Amino acid sequence: MSNEIATLAGGCFWCLEGVFSRLRGVEKVVSGYMGGHVDNPSYKQVCNADTGHAEVVQVYFDPTQIGFADLLAVFFAIHDPTTLNRQGNDIGSQYRSAVFYHSAEQATAVRLAIAQLNTEHAYDGPIVTEVASATTFWPAEAYHQGYFEVNPQQPYCMAVVAPKVRKFMEKFAGQLK
């Protein structure tokens with residue numbers, strides 16, 4: 001079976017890439033932009049909230065090794081899906097929580113996961129994650145790819161990305177590469 005794609009937005013793409021690239025069954029993670037109205041947006045445009053895009057990662061995964069539901073479990077564990085257009089100090093629609101689905105099965109799985117988490121009161125408030133059909137994916141500039149791996153001493157990486165990756169690695173130790 002060939003790889004499948006999941007497109008996820010949950011704050012800064014450096015955080016998401018740093019987490020998902022460590023999962024067994026994930027073949028590749030590409031940072032980029034989706035959900036906006038401008039072709040080939042730049043990081044500056046997206047950060048200025050001029051384009052409507054979210055910072056996303058496209059996760060290429062082998063469904064015989066890890067399922068889409070497993071990716072969703074990680075996704076909902078590593079960010080706050082109850083804050084609209086915000087993750088911590090990162091504020092703006094580009095940091096929104098969103099799942100851009102690539103099939104009817106993914107759409108159903110996301111909606112079921114959200115309903116279950118809300119029923120279980122897994123968070124203090126309702127989940128506001130956007131669920132939308134995948135549109136054109138625009139890869140981010142080359143320097144964003146693998147950013148955390150290349151720049152672990154960068155202040156944002158030390159303060160935000162590294163703690164998130166550590167927490168993920170503790171919680172999902174059995175699913176690491």
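Bear in mind these aren't lab numbers, they're just calculated from the coordinates by the rules spelled out. Just so it is clear, the model here is predicted, and its values are computed rather than measured. Quick reminder, even Gly has a Cβ in these numbers, built from the backbone with ideal geometry, and neighbours come from all protein chains shown.
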When the Kirkwood radius is taken over all Cα pairs of segment 1-84, what Stokes-Einstein diffusion coefficient follows at 37 °C and 0.692 mPa s, in µm²/s?
245 µm²/s
Cα-Cα pairs above 13 Å in segment 59-126: how many percent?
69 percent
What residues have an amide H closer than 5 Å to that of K28, excluding those fewer than 5 places away on the same chain, when H is modeled at 1.01 Å from N in the peptide plane?
Y60
Principal semi-axes in Å for the chain [√(5λ), Cα gyration tensor, largest first]:
21, 19, 18
Run the simple label-point estimate for S2 and A122 please: 7 Å along Cα→C-beta, distance reported in nm.
3.0 nm
Which distance in nm do the two modelled labels at D62 and A173 give, with both placed 7 Å along the Cα-to-Cβ direction?
2.4 nm
The long-range amide H neighbours of G11, using H built 1.01 Å from N in the peptide plane and a cut-off of under 5 Å, are R96
Note, ³J(HN,Hα) from phi for segment 120-132, Karplus 6.51, -1.76, 1.60, rounded to Hz, x at Gly and Pro
7, 6, 5, 10, 5, x, x, 6, 10, 4, 6, 10, 9
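Determine the calculated [θ] at 222 nm for the chain from helices alone, applying -39500 (n - 2.57) to every DSSP H run no shorter than 4 residues and normalising by the residue count; nearest 500 deg cm²/dmol. The partial results should precede the final answer.
Values: 6 runs with 54 residues, N = 177.
Calculated at 222 nm, the ellipticity per residue is -8500 deg cm²/dmol.
Given R₀ = 30 Å, what would the calculated FRET efficiency be for N151 paired with T108, taking r from the Cβ atoms and rounding to 0.05?
On the way: r = 38 Å, r/R0 = 1.25.
Efficiency computed from Cβ-Cβ geometry: 0.20.
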Spelling it out for E130: with amide H atoms placed in the peptide plane at 1.01 Å from N, the residues 5 or more places away or on another chain with amide H under 5 Å from its amide H are S97, A98, V99
For segment 79-89, in residue order, the Karplus 3J(HN,Hα) values (coefficients 6.51, -1.76, 1.60; θ = phi - 60°; whole Hz; Gly and Pro = x) are 8, 9, x, 9, 9, 6, 6, 6, 9, x, 7
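How big is the antiparallel share of DSSP beta bridges in segment 21-177, given as a percent to the nearest 5? Could the numbers behind the result be given before it?
On the way: 13 of 17 bridges.
Among the beta bridges of segment 21-177, antiparallel pairing accounts for roughly 75 percent.
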Order of E130, E105 from fewest to most other C-beta atoms within 10 Å?
E105, E130
Along segment 156-173, what does the Karplus equation 6.51 cos²θ - 1.76 cosθ + 1.60 (θ = phi - 60°) give for ³J(HN,Hα), rounded to whole Hz, x for Gly and Pro?
4, 5, 5, 7, 10, 5, 4, x, 5, 5, 4, 4, 4, 5, 5, 6, 10, 3
